[in-house]
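Beneath this line is the structure, given in structure tokens, with notes to follow.
The values are calculated or read from the model by the stated rules, or taken from the named source; none is laboratory data. These numbers come from a predicted model, not from an experiment. Here the Cβ positions follow ideal geometry from the backbone for every residue, glycine too, while neighbour counts run over all protein chains shown.
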Amino acid sequence: MFQVSQSLGGAFALAAEQYVFANKIISTLPTFAPCVDVFIEMATGATDIHKTFTPEQLPGDLVAYIQYIKATFAIGIGLGKRHGCRRNYDMT
């Protein structure tokens, strides 16, 4: 039963992180990199950013990408703190 709940929890966490990532792209990208197409940004992986966008587009695109990553990590940290890290250890 533990493995089932762990798998379901991971699936829900991943879905939530993808949702936040996509919405953060849509809301943040026009502010930092207005000339970058949102759909191309969503389809481009992190390793292909330098290959896909021009040097003029990269600074704003990377700033926006950092915002997406921060939001995604915030979801993971929040879920981990809420569900997995409730033990109180006595370090004495």
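Assorted remarks:
- For TYR68, the requirement of being loosely packed, with under 12 Cβ neighbours inside 10 Å, at pLDDT below 90, of a type in the set (Phe, Trp, Tyr) and over 23 Å from LEU8 (Cα atoms) is not met.
- With respect to the stated conditions, ALA43 is of a type in the set (A, V, I, L, M) and at pLDDT 85 or above.
- Within segment 23-59, if we keep just the residues that are within 22 Å of ILE75 (Cα to Cα) and charged (D, E, K, R), the residue that is surrounded by the fewest Cβ atoms within 10 Å (Cβ to Cβ) turns out to be LYS24.
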